[in-house]
Each structure stands twice: as C-alpha cells, then as structure tokens.
Amino acid sequence: MRDEKLPKGWKNCVVGDLFSFVGGGTPSKSNLNYWNGAVPWASIKDISRVDVIKSTIDSISEEGLANSASNLASKGDLIIGTRMSVGKVVITEIETAINQDLKILRSELPNKFSFYWFSHLRKELEELSSGTTVKGIRLENLRSLSFPLPPFPEQQRIVAKLDAIFGHLDVLREKLDRIPVLLKNFRQQVLTQAVTGKLTKEWRETNYVTLDFSIIEGKEIISVKKNLYNNQTANFLEKLEESLSLDLNGVFFSNDWCTIKPEFISSPEKYSIGIGPFGSNLKVSDYKTEGYPLIFVRNVIANKFDGLDPKFVDEEKFNELLPHTIKPGDLLITKMGTPPGDCKLYPENAKDGIITSDILKVRIWKKYFIPKFYEYVISSKIVRTQIEEITKGVAHQKISLKRFKDIDLPFPTRIEQEEIVKRVDSLFELADRIESQYQSLKAKIDQLPQAVLNKAFRGELVGQEVKEYVREAGEEMLAAEGVEGYNKLN
C-alpha cells in the first residue's frame, strides 16, 4: 500500500523495521534426557488449529533447551509458522520453547493488533512460500513486507472493533454448530414416531384402519408363503403365525399393528434374503474394471453406489454368485460396524450388482410391504437398539443372518405404510432445506473473518458500528433461515 492510498495519519513501514524474529530448534532425539521435561515445546501441530497456545503436546528439559537452537517465548508473545503452516500466527498464554518451524515475533506494537495484522496477511504469506515437499517462507521475504501503521489510538480502536465483531461471529458459530445436532435428533424423532404408529395415529382413526386390517393381510401372507414352502418346512405356518405376533416383547409399536420378522417381509422369489459371499467365493482376482458392480459396506454407509473406488465382476462371475445378487429397490444392511445395521435402498437407476461379505440384503415383497418404509424402520432407533442388543459382547460387532431374522419389525397395512412414507419424506425435506440453508450460511460465516480483517487494515472498519457490520454479514439471514428451522425442531 503506497503512502497516497493510506488513511490519514497512517505510515507505510516494513515488517523488518517493526519486528524482531527469534528462531527455534529441536533438541537431539537420541538424548532421552532432553525430552519430557518441565519446559513446554511448541511445534506446528500445536498452532495449526488454535489462535492461543495454552499447552503443548511435547515438552523438553532445561538441559535440552540449553543444548539446542530452541528459544523461549514469553507469555503474551506472538508465534508465527514459517514452514508447513506458513503464516499461521498465535498468541501464547504460556512460556514455551519453539522448534525450527516457528518464529517468535517481538515488537513495541500491541500484540493483539500485530496478531490481527499477520492473520489478515495469511494468504499472501502462503503465496510467498516455496519448496517442493515442505513449503516455507524465507525470513528476508517476511521482513520486507509492507506494514501500513496507523496511529496508536487507531490501533486500539481497530483491536476493540475486531474483538467485538469476532465475538459476535463466535456467537453465530455457536448457534450454527447446534443445527446439525438438532437436525440429526429431529430426523431420529421423526423415524421413532413413524415406526411406532404415533405419526399416523389420527390418520388411522379418520380412515378406520384397525388391527383387523393388519391381521387380514398377515393371513394372506401366511397362505401364500405356506404354499411356497409347504414341501420344505413342515412347521412354516406355525413359524410365520408366531412371527405375526401381537406380543411386542418390550418393542413399543402401535397397538393397532402386528409385528413381523424380516424373513417374512421378503419377496417369495428365490434369493430374496441373504448375505454376501464368503471370501473364497469372491476374490480380488475376480475384480474387473467394468461389468456388474460390487457393493461394499462403504457404499451403504455413504449411501453412494457409484464412485468410491468402484469394483466390478464379469457376467460369468455374476451368474455364479446369483444368491448374492441385488436389484434396484433392495434393502442393504451392514453386518459389521459400531454398531452394525446401517440400512439403505439400492437406487432405482442402479445396475444389478453383487453384495460383498459384510452386507445383508432383503428384497421386499412389494404386494404387502413398501421398501422405503422398511428402510426407515431399520434405520430407526427402535430397531437399531434391537441390533445393538443382539451384537453385545461380540469382539467385532457383527450381526448374522440368523440373528437378523429374529428382530421384530412393525407391520402396519400397506396403505398406512404409504401414508407414513409420504409424511416422513415431507418432514425430511424440511430438514434437508434447513440443512442446505445452514451449509450456505456456514460458508458465508467462514469467509467473514478474512473480509473483516482486510477491511480493518484498509482503515474502513472503525467508523462502522459493530451491530451494523454483523447484520450486513449475515445475522439477519441466520434469524430468517437458521433460527426458524431451529425453532421448528424444538
């Protein structure tokens, strides 16, 4: 910044005229007497995520300090990164030694003013850094930087104004940070209300849907499945009638619903419920760069079925693994995890694929059951709690197909399943809109500190009221978008 562009009373100085630099070093790692002593020892890892040093990860002894190039920063000193986290500046609240990647900055200027000035210059310092593997800035480049210096009273006013603005921004961030947790809790509460019948209680009363309707549909299922399995399982009818239970066993579903086991919501077709192949049946050597996609646990957890390092098998292998094939609309459930039980629908536009060993699949019997409803059911806390219970005490939490078939699922009529899905989708769309607004506002708030600092060191900030600036920066938007959603979730 040239003199003619400076605000009245400001002087154009250079960093080297205003600051002295004190370097650091590392005691020999081969001498154990130099380490784990009483002297805090700061490195890049201690400054990269904070603005104030209150403690350090490592420490050295007085002997280590005396026998190395390290130096002590006093309480209140500025410390700046000159390698790796170039330009990152912090204030230390403790006396600490530093390593060779840091420099102590000392000056007659108020430390907080200097802290803000170097913070606003962070991007420029990064651009001045060089190096192939580890970026660093040369000390002569740092010393030669132009430093527009306002009069001392102006320095004090700038610091006071920045402190006030950043205080307001901290409050905004605290409010924003609560929104993801609120949204997560909201979605889970919606699922709990949905799968226990509370979400559609009044709807059932208005539409005269009672327990009798579920029993009628249940008897139809029994009849069809009995004919399918009559020659294979002698006690199938009794098994299904037992599954279609009104004894809720502590699982608090609606009194107007039956419960049913996962085996009986699966389609009558062959291979409609199962697990992925054992390792010997699907080897890395079977992987191809195109063909039928393999679906891994990571795909289910991320709900992303393309990308994520995709693997495929050819048609011959696909036909060999028919019991493990999946089609669009199948439910995919993770067998392993902490806990297992992540559940996603295989997308309607996806190609038929193969699940890998740590995934369960259920092809839903769509005449009586809606896949989306049972995705919500298995994702709900009530069913996830059942899964946690049956995997307790296992070293690597894992749910077998046999144990999975024994959990209790709610069984409302198909027409009520449709109504529940419609209502849950609507409420989730509301949550998604709030989340999108949150992400947009968070991005703006994250960009504000640099914009505020730049304005301050052009001499444009002091005359503006703090509340006015923060309002321009997005406080009204937070009230309109974030808090509105926040209130709806409480």
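The values are calculated or read from the model by the stated rules, or taken from the named source; none is laboratory data. Not measured: the values here are computed from a predicted model. Cβ atoms come from the backbone with ideal geometry, glycine included; neighbour counts cover every protein chain shown.
Among the residues of region 163-183, those identified as more than 20 Å from V452 (Cβ to Cβ) and touching a helix residue (DSSP H, G or I) at 6+ places or on another chain (Cβ under 9 Å) are R178, I179, P180, L182, L183.
Filter region 31-68 for residues that are of a type in the set (D, E) and surrounded by fewer than 13 Cβ atoms within 10 Å (Cβ to Cβ); which is modelled with the lowest pLDDT? Restricting to residues being of a type in the set (D, E) and surrounded by fewer than 13 Cβ atoms within 10 Å (Cβ to Cβ), the top hit is D51. Note on region 83-148: enclosed strands (runs of 3 or more DSSP E) holding 2 or more residues that are of a type in the set (A, V, I, L, M, F, W, C), modelled with pLDDT of 90 or more and closer than 20 Å to L453 by Cα are 89-92. Residues in region 410-451 that are among the small types (G, A, S) and over 25 Å from I382 (Cβ atoms): S436, S440, A443, A451. In the set (1) surrounded by fewer than 19 Cβ atoms within 10 Å (Cβ to Cβ); (2) among the hydroxyl-bearing types (S, T, Y); (3) outside the structural domain of K184 (by TED's automatic domain parsing), S380 fails one condition alone, (1). A350: of a type in the set (G, A, S) and in contact with a Pro (Cβ under 8 Å, 6 or more places away or on another chain), yes or no? Yes; evaluated as a whole, the condition is true for this residue.
Scanning region 175-200 for residues that are surrounded by 20 or more Cβ atoms within 10 Å (Cβ to Cβ) and hydroxyl-bearing (S, T, Y) yields a total of 1.
Can you tell which of E320, E348 is of a type in the set (D, E, K, R), surrounded by 15 or more Cβ atoms within 10 Å (Cβ to Cβ) and closer than 24 Å to E269 by Cβ? Among E320, E348, only E320 is of a type in the set (D, E, K, R), surrounded by 15 or more Cβ atoms within 10 Å (Cβ to Cβ) and closer than 24 Å to E269 by Cβ. With respect to F19, determine if the residue is aromatic (F, W, Y) and in contact with a helix residue (DSSP H, G or I) (Cβ under 6 Å, 6 or more places away or on another chain). So F19 fails the test.
Condition check ((1) out of contact with any Ser or Thr (no Cβ under 9 Å at 6 or more places or on another chain); (2) surrounded by 14 or more Cβ atoms within 10 Å (Cβ to Cβ); (3) over 23 Å from I355 (Cα atoms)) across all residues:
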{"position": "R384", "(1), (2), (3)": "yes, yes, no"}
{"position": "E389", "(1), (2), (3)": "yes, no, yes"}
{"position": "L427", "(1), (2), (3)": "yes, yes, yes"}
{"position": "E435", "(1), (2), (3)": "yes, yes, yes"}
{"position": "A443", "(1), (2), (3)": "yes, no, yes"}
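When residues in region 127-159 are screened for being among the acidic types (D, E) and either exposed (fewer than 14 other Cβ atoms within 10 Å of the Cβ) or assigned by TED's automatic domain parsing to the domain that holds R83 (or both), 2 of them pass. Restricting attention to region 14-28, does a residue exist that is loosely packed, with under 14 Cβ neighbours inside 10 Å and over 25 Å from F113 (Cα atoms)? Taking every residue of region 14-28 in turn, at least one turns out to be loosely packed, with under 14 Cβ neighbours inside 10 Å and over 25 Å from F113 (Cα atoms).
Quick one: would you say Y346 is touching a strand residue (DSSP E or B) at 6+ places or on another chain (Cβ under 8 Å) and under 30 Å from E389 (Cβ atoms)? When the stated conditions are applied, Y346 passes them. For the criterion of being out of contact with any helix residue (DSSP H, G or I) (no Cβ under 7 Å at 6 or more places or on another chain), modelled with pLDDT under 90 and in the same structural domain as T192 (by TED's automatic domain parsing), D446 passes. Among the residues examined, T92 does not qualify as in contact with a Phe, Trp or Tyr (Cβ under 8 Å, 6 or more places away or on another chain), surrounded by 16 or more Cβ atoms within 10 Å (Cβ to Cβ) and among the hydroxyl-bearing types (S, T, Y).
Surrounded by fewer than 20 Cβ atoms within 10 Å (Cβ to Cβ) and modelled with pLDDT under 90 - does that describe any residue in region 279-289? Within region 279-289 (the criterion being surrounded by fewer than 20 Cβ atoms within 10 Å (Cβ to Cβ) and modelled with pLDDT under 90), the answer is yes, since at least one residue qualifies.
A Cβ distance below 7 Å, combined with a sequence gap of six or more or placement on separate chains, defines the contacts here; from region 266-291, residues that are free of Cβ contacts under 8 Å to residues at least 60 places away in the same chain reach residues that are in a loop (DSSP other than H, G, I, E, B) and crowded, with 17+ Cβ neighbours inside 10 Å in the pairs N281/L321; Y287/K311. Any residue at all in region 55-63 that is in contact with a strand residue (DSSP E or B) (Cβ under 9 Å, 6 or more places away or on another chain), free of Cβ contacts under 8 Å to residues at least 24 places away in the same chain and more than 21 Å from L162 (Cβ to Cβ)? Yes, some residue in region 55-63 is in contact with a strand residue (DSSP E or B) (Cβ under 9 Å, 6 or more places away or on another chain), free of Cβ contacts under 8 Å to residues at least 24 places away in the same chain and more than 21 Å from L162 (Cβ to Cβ). Taken together, S55, S20, S28 contain a single residue that is assigned by TED's automatic domain parsing to the domain that holds S119, of a type in the set (S, T, Y) and in a strand (DSSP E or B), which is S20.
One line per residue, one yes/no per condition, for (1) outside any loop (DSSP other than H, G, I, E, B); (2) not aliphatic (A, V, I, L, M):
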{"position": "Q156", "(1), (2)": "yes, yes"}
{"position": "L169", "(1), (2)": "yes, no"}
{"position": "G197", "(1), (2)": "no, yes"}
{"position": "W203", "(1), (2)": "yes, yes"}
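Of all positions in region 400-411, at least one carries a residue that is at pLDDT 90 or above and aromatic (F, W, Y).
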